[in-house]
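First comes the structure, then the notes that go with it.
No lab work stands behind these numbers, since they all come straight from the coordinates. Here the structure is a predicted model, which means the values were calculated and not measured. Quick reminder, even Gly has a Cβ in these numbers, built from the backbone with ideal geometry, and neighbours come from all protein chains shown.
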Amino acid sequence: MAKNANLGAAKNAKNDEFYTQYADIQKEVNAYIEYNPDVFRGKTILLPCDDPEWSNFTKFFAQNFEFFGLKKLISTSYAIESKKFKEGYMPSLFETESPHYDIDKTRTHGKIFVLDHDTNASGRIDIDDLEWKYLEGDGDFRSKEVTALRDEADIIITNPPFSLFREFVVWIMEANKQFLIIGNSNSITYKEIFPFIKNNNIWVGVSGGSKTYIKLNGEKQTMGNTCWFTNLDHGRRHEPLKLMSMADNLRFNKKLKGQQEYMRYANYDAIDVPTLDLIPSDYDGVIGVPLSFLGKYCPDQFEIIWRSHDIEWAENHCQFYKKTDKTIAAKIRAIDKTWRAQIPYFLDENGNHQNVFQRLFIRKKQ
Ligand SMILES: C[S@@+](CC[C@H](N)C(=O)[O-])C[C@H]1O[C@@H](n2cnc3c(N)ncnc32)[C@H](O)[C@@H]1O
């Protein structure tokens with residue numbers, strides 16, 4: 001057990017060490033610029049959890065400093081000695097050839113890079129004007145030092161360590177900052193994150209789908225389960241899904257062939273919609289949709305009520321939860337140990353149950 005826990009911790013630490021490609025940053029950020037060309041104008045951007053010497057976040061924002069009209073760019077890195085995964089570290093030539101280089105601090109201190117003026121009199125502010133020094137501490141985003149930089153910044157942008165994702169989001173939200181960050185798509189169901197999603201304080205970014213990251217050894221790794229999270233507005237959030245009426249879906253959509261009506265859950269008074277194209281445009285009741293809905297969510301069109309699989313909410317707050325009769329529950333449990341009362345399920349006329357994947361419960365905006 002202890003051995004497994006150690007292996008798990010090492011895997012998590014190693015899993016934090018992957019780096020975002022320039023093209024992915026560019027694609028996502030451009031969508032916000034397209035929606036609001038002044039989104040970054042006069043703003044201070046902080047890029048924490050970065051490695052400024054070669055991070056594509058630093059490169060991208062430094063290169064676009066003037067185009068975006070930034071006031072200041074700050075980027076910080078985390079000391080190698082504080083990382084759980086330390087293999088393969090070499091200080092860069094940029095650092096060792098700099099007059100600031102300190103052989104003691106290089107492994108134990110984080111670094112800060114700042115760009116806010118034309119240091120080399122080239123007539124423009126760009127990546128060559130970045131100034132750097134060691135931080136007092138190791139660059140942990142939770143440190144006083146980096147927290148003060150957070151407070152100074154208007155917008156926080158990064159791909160943070162996934163193992164500290166919940167803490168990172170709370171750290172941003174408690175300071176009421178704007179942000180654009182990468183996370184695991186499953187994090188939307190975390191109890192620290194989901195209430196923000198439900199209340200439209202956090203939403204999913206624009207470019208979905210699988211992304212390729214660069215690992216420490218330079219190899220590429222494709223991950224299908226990451227997405228951008230943000231509270232910066234973008235155009236996709238204002239494009240309603242194009243949907244057909246319930247009657248037309250039942251008549252024309254092949255996925256409902258042979259069905260007279262939409263499936264209803266045994267334990268929630270709601271219809272089940274397993275794919276987004278099946279969402280009826282004219283249904284006023286509660287609809288259960290897959291989590292992928294968030295990638296198409298337009299808050300002017302639907303409201304998010306809550307998510308399934310949450311027993312506390314189902315039993316204490318849900319107006320449309322139908323507690324399963326004790327005898328039926330015992331029968332189901334006898335054949336399915338994984339069954340839980342809060343998981344949406346169907347029950348056929350012979351008493352056979354079928355569990356449904358995690359759903360978001362949504363309702364059409366009136
Ligand atoms: C997923 S990587 C992304 C790096 C970079 N932002 C990028 O996308 O290219 C996250 C980085 O955060 C660092 N990190 C881990 N724990 C940290 C902490 N407590 N504070 C700051 N950075 C941390 C990791 O070592 C890792 O380099």
Against the longest principal axis of the chain, how steep is helix 2-15, in degrees 0 to 90 to the nearest 10, with axes from Cα atoms? 70 degrees
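Hey, what number do you get for the chain at 222 nm if only DSSP H runs of n ≥ 4 count, each worth -39500 (n - 2.57), divided across all residues, to the nearest 500?
Details: 12 runs with 94 residues, N = 366.
Counting only the DSSP helices, I get -7000 deg cm²/dmol.
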Would you please classify the overall shape of region 212-253 from the alpha carbon gyration tensor, given that a ≥ b ≥ c denote the square roots of the eigenvalues, rounded means a/c under 1.5, and beyond that prolate means a/b larger than b/c while oblate covers the rest? oblate
For helix 22-35, what angle does its Cα long axis make with the longest principal axis of the chain, in degrees from 0 to 90 and rounded to 10? 70 degrees
Which one, Glu349, Glu192, Glu312, has the greatest fluctuation when you compute a Gaussian network model over the chain with C-alpha springs under 10 angstrom? Glu349
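Please give me, ordered by residue number, the trypsin sites (Lys or Arg not before Pro) of region 215-249 that lie in loop per DSSP and have at most 12 other Cβ atoms within 10 Å.
Details: sites: Lys215, Lys220, Arg236, Arg237, Lys242; in loops: Lys242.
Answer by residue number: Lys242.
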Along the Cα→Cβ direction, 7 angstrom out, place labels at Asp325 and Asp116. What is the inter-label distance in nm? 7.0 nm
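Starting from the eigenvalues of the Cα gyration tensor, five times each then square-rooted, give me the equivalent ellipsoid semi-axes of region 23-64, largest first, whole Å. Could you put the intermediate results ahead of the total?
Details: eigenvalues 72, 32, 12 Å².
Ellipsoid half-lengths, sorted descending, are 19, 13, 8 Å.
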Tell me, what HN-Hα J-couplings in whole Hz come from the Karplus equation 6.51 cos²θ - 1.76 cosθ + 1.60 at θ = phi - 60° for each residue of region 178-185, using x for Gly and Pro? 7, 7, 8, 9, 9, x, 6, 4
Expressed in angstrom and rounded, the centroid-to-centroid distance over alpha carbons for region 267-323 and region 208-241 is 24 Å
What residue among Met90, Ser185, Asn355 has its Cα farthest toward the positive end of the dipole of the chain, where the charges are +1 on Lys, Arg and -1 on Asp, Glu, each on the Cβ? Asn355
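Going from the alpha-carbon gyration tensor of region 246-364, what semi-axes, largest first and in whole Å, does one get by taking the root of 5 times each eigenvalue?
Working: eigenvalues 123, 67, 26 Å².
Equivalent ellipsoid of region 246-364: 25, 18, 11 Å, largest first.
So what is the relative contact order of the chain, in percent, for Cα pairs below 8 Å that sit 6 or more residues apart?
On the way: 638 pairs, mean separation 49.1, N = 366.
Relative contact order for the chain comes out at 13 percent.
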Is the shape of region 124-226 rounded, prolate or oblate, going by the alpha carbon gyration tensor and its root eigenvalues a ≥ b ≥ c, with a/c under 1.5 for rounded and a/b larger than b/c for prolate? oblate
At a Cα cut-off below 26 Å, give the lysines reachable from Lys337, other chains included and same-chain residues fewer than 8 away excluded. Lys191, Lys322, Lys323, Lys326
Compute for region 158-305: radius of gyration divided by Kirkwood radius, i.e. Rg/Rh, restricted to C-alpha atoms, rounded to two decimals. 1.03
Farthest toward positive dipole pole in the chain [+1 Lys/Arg, -1 Asp/Glu at C-beta], among Ile311, Ile127, Ile157: Ile311
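Rounded to the nearest 20 Debye, what is the dipole magnitude of the chain about its Cα centre when Lys and Arg each give +1 and Asp and Glu each give -1 at the C-beta? Walk me through the intermediate numbers first.
On the way: 48 positive and 51 negative charges, 357 e Å.
It works out to roughly 1720 debye.
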Only Lys, Arg (+1) and Asp, Glu (-1) charged, at Cβ; region 190-319 dipole about Cα centre in debye: 680 debye
With the calculation restricted to Cα positions, what are the radius of gyration and Dmax of the chain in angstrom? 24.3, 81
Filtered hits (lysines, Cα-Cα < 20 Å from Lys254, offset >= 8 within chain) -> Lys242
Taking region 46-127, the equivalent ellipsoid from its C-alpha gyration tensor has semi-axes in Å, biggest first, of 25, 15, 10
Gain in span if fully extended, Ile33 to Ala334, counting 0.36 nm per residue against the direct Cα distance: 102.8 nm
By the Cα gyration tensor axes a ≥ b ≥ c (a/c under 1.5 gives rounded; else a/b larger than b/c gives prolate, otherwise oblate), the shape of region 49-190 is oblate
Step by step: find N for region 260-321, compute 2.2 N^0.38 Å, then divide the Cα radius of gyration by it. What's the final number? 1.13
